[in-house]
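Engineer: This is the structure I have questions about; it appears just below.
The values are calculated or read from the model by the stated rules, or taken from the named source; none is laboratory data. Just so it is clear, the model here is predicted, and its values are computed rather than measured. As a convention, Cβ positions derive from the backbone with ideal geometry for all residues, glycine included, and neighbour counts pool all protein chains shown.
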């Protein structure tokens, strides 16, 4: 469950208006939300906040049933982060690691047994269509392959919350549709999903409530 | 089915972020200096202990014409006794507190002491006084009137006290020890600084990777531990190499210094010990100190890196 009450976020040592201002909304466990808005509206900043890369400067944030403030101990933030799967716009893969190692990272950081890791990674890579590239270095993949690797890494550990920033940008239409179906399926199984996108066709294909941002403010909560 | 994992655990690639050569070589150099300093400190401490506990407890008594019968003065005039002058002094010394060791140097021991100054002629040509070495028990002091008593009984007897010299020499040794401790602390400080700078450089080159790992839920302990084991391992290797390299000059110096380390006059010799027997003569605490050096270097590397990485990670939420 996600709950924001009057949350604002301002970059450190920056004057002027906050990047995110007075945001309040709820997303229940297993809920799906589109995150829409023009470029510069604050979609990526909001996802970073929900991924705990930044902490609110004002207001209260409750994430996966934990209240998060600037005083929250780092160990708690780390445990929360382990329960979140994030797909970044720029993929953020480890260029020197193979596809398999990249996808295995969240499981290894949770000290899962190597047998289990092998099974999970194999299954997810097969599903995203990277069964042939499993041993290829991430730096040698095409944009679409990198995006699929990033998606596989975000969901391999079955997180309670999935955040995706333009996850279909580099994907062809059939792959994008397949990914949407997966997100819908994960949501129905109890995973909370928030997807930021500009792709209206995608939104039409999966009609779900939308959070619309403009200049850092929430102008529509379709819940 | 086994996956083609690349064998790299997490993409940190620390062998590239913290290269072998720079840290390893610098720590080896630091350990080399530390080994030399540690040996100097051990030597200074040994001498200090010896001078404090040994020389102050040591009296050297010279008796001229030692084998002549003692001429005693009395009310009836001078009378010759059956006892020699040396025997009389030894009899007086026998009244000293129990635990006192009294040893009259033999002709061979005297000749060996005099050979550097008088050559082989020293063995026969000159009338030599008896030299009696008196080693008092731990904590015992010579009676204040000993010299007067001996001079009265056996005129011409000379008592040499080492107490004044030992005090000065002990002060000198303690100053050397303090300097050695300061030098060791400086070497440790430089090693810490080198590790800190090396770690900072490694963190800077891996900033993006660390941010990704952080985002995936890597704990501070995990990231700091990965860096710390790398620097700890390099520091251990460097420490081991530096210590081993220092052993050659140390053994050479120790061999040259061994004759000065004799604890008693009769044990002193100008001859240097044989190379084969040298390891048996090395002080145990010095060897323990040298053996500990690589571990100390590893600990400094490990602890400094843990601290640096954890402080650096505090900038991230």
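Engineer: Going by what's in this entry, would residue B:213 be described as away from chain A (no Cβ under 14 Å) and assigned to a helix (DSSP H, G or I)?
Structural biologist: So residue B:213 does not fit the description; no.
Engineer: Oh, and also: For the structure I just gave you, tell me whether residue A:100 is buried (at least 18 other Cβ atoms within 10 Å of the Cβ) and not in a loop (DSSP other than H, G, I, E, B).
Structural biologist: Criteria met by residue A:100.
Engineer: Within the group B:177, B:150, B:96, which residue is part of a helix (DSSP H, G or I), surrounded by 15 or more Cβ atoms within 10 Å (Cβ to Cβ), at pLDDT 80 or above and assigned by TED's automatic domain parsing to the domain that holds residue B:69?
Structural biologist: Numbers: B:177 fails: assigned by TED's automatic domain parsing to the domain that holds residue B:69; B:96 fails: part of a helix (DSSP H, G or I).
Answer to the check: B:150.
Engineer: Just to check your reading of the model, which residue among A:158, A:204, A:153 is part of a helix (DSSP H, G or I) and without any contact (Cβ under 8 Å) to a residue 40 or more places away in the chain?
Structural biologist: Values: A:158 fails: part of a helix (DSSP H, G or I); A:153 fails: without any contact (Cβ under 8 Å) to a residue 40 or more places away in the chain.
Testing whether each residue is part of a helix (DSSP H, G or I) and without any contact (Cβ under 8 Å) to a residue 40 or more places away in the chain leaves just A:204.
Engineer: Hey, residue A:101 hits all of (1) without any contact (Cβ under 8 Å) to a residue 60 or more places away in the chain; (2) touching a helix residue (DSSP H, G or I) at 6+ places or on another chain (Cβ under 8 Å); (3) within 9 Å of chain B (Cβ to nearest Cβ); (4) over 22 Å from residue A:35 (Cβ atoms) but one; which does it fall short on?
Structural biologist: The one condition residue A:101 does not meet is (2).
Engineer: Hey, another quick one. Can you go through A:86, A:94 and tell me which one is in a strand (DSSP E or B), under 23 Å from residue B:312 (Cβ atoms) and within 12 Å of another protein chain (Cβ to nearest Cβ)?
Structural biologist: When all the criteria are applied, what remains is A:86.
Engineer: Exactly one condition in (1) at positive phi; (2) over 31 Å from the mean Cα position of the chain (by Cα); (3) modelled with pLDDT under 80 is not met by residue B:156; state its number.
Structural biologist: Failed condition: (3).
Engineer: Output the residues belonging to the stretch A:161-187 that are under 19 Å from residue A:208 (Cα atoms) and in a loop (DSSP other than H, G, I, E, B).
Structural biologist: Once the filter is applied, which keeps residues that are under 19 Å from residue A:208 (Cα atoms) and in a loop (DSSP other than H, G, I, E, B), the stretch A:161-187 yields A:166, A:167, A:168.
Engineer: Then there is this: How many residues does the stretch A:35-54 hold that are in contact (Cβ under 8 Å) with a residue 24 or more places away in the chain, part of a loop (DSSP other than H, G, I, E, B) and within 12 Å of another protein chain (Cβ to nearest Cβ)?
Structural biologist: The qualifying residues number 3.
Engineer: Considering only the stretch A:73-83, state which residues are at the interface with chain B (Cβ under 9 Å from one of its Cβ atoms) and surrounded by fewer than 22 Cβ atoms within 10 Å (Cβ to Cβ).
Structural biologist: The answer is A:74, A:75, A:77, A:78, A:79, A:80, A:82, A:83.
Engineer: Considering B:217, B:238, which residue is over 20 Å from the mean Cα position of the chain (by Cα), at pLDDT 85 or above and at positive phi?
Structural biologist: Of B:217, B:238, the one residue that is over 20 Å from the mean Cα position of the chain (by Cα), at pLDDT 85 or above and at positive phi is B:217.
Engineer: Is it the case that the stretch B:193-200 has a residue that's closer than 30 Å to residue A:86 by Cβ, at pLDDT 90 or above and either in the same structural domain as residue B:21 (by TED's automatic domain parsing) or in a helix (DSSP H, G or I) (or both)?
Structural biologist: Start the filter on the stretch B:193-200 by keeping residues that are closer than 30 Å to residue A:86 by Cβ, which leaves B:199-200.
Imposing the further condition that a residue be at pLDDT 90 or above reduces the set to B:199-200.
Pick out the ones that are also either in the same structural domain as residue B:21 (by TED's automatic domain parsing) or in a helix (DSSP H, G or I) (or both) and you get B:199-200.
Checking the stretch B:193-200: at least one residue is closer than 30 Å to residue A:86 by Cβ, at pLDDT 90 or above and either in the same structural domain as residue B:21 (by TED's automatic domain parsing) or in a helix (DSSP H, G or I) (or both).
Engineer: In the stretch A:55-68, which residues are within 11 Å of chain B (Cβ to nearest Cβ) and not in a strand (DSSP E or B)?
Structural biologist: Applying the first criterion (within 11 Å of chain B (Cβ to nearest Cβ)) to the stretch A:55-68 yields A:55-56, A:68.
A:55, A:56, listed by residue number.
Engineer: Quick check on the stretch A:121-136. Is at least one of its residues part of a strand (DSSP E or B) and touching a strand residue (DSSP E or B) at 6+ places or on another chain (Cβ under 7 Å)?
Structural biologist: no
Engineer: Do you know which residues across the stretch A:104-143 are more than 8 Å from every other protein chain (Cβ to nearest Cβ), closer than 18 Å to residue B:223 by Cβ and surrounded by fewer than 17 Cβ atoms within 10 Å (Cβ to Cβ)?
Structural biologist: Correct list: A:111 only.
Engineer: Now a separate question. Do you know which residues across the stretch A:1-34 are touching a helix residue (DSSP H, G or I) at 6+ places or on another chain (Cβ under 9 Å) and either assigned to a helix (DSSP H, G or I) or surrounded by 17 or more Cβ atoms within 10 Å (Cβ to Cβ) (or both)?
Structural biologist: If the condition is that a residue be touching a helix residue (DSSP H, G or I) at 6+ places or on another chain (Cβ under 9 Å) and either assigned to a helix (DSSP H, G or I) or surrounded by 17 or more Cβ atoms within 10 Å (Cβ to Cβ) (or both), then A:2, A:4, A:7, A:9, A:19, A:20, A:23, A:31, A:32, A:34 are the ones that fit.
Engineer: Return the only residue of B:238, B:202, B:233 being closer than 23 Å to residue B:34 by Cβ and buried (at least 22 other Cβ atoms within 10 Å of the Cβ).
Structural biologist: B:238
Engineer: Exactly one of these conditions fails for residue B:12: (1) at pLDDT below 90; (2) more than 14 Å from every other protein chain (Cβ to nearest Cβ). Give me its number.
Structural biologist: (2)
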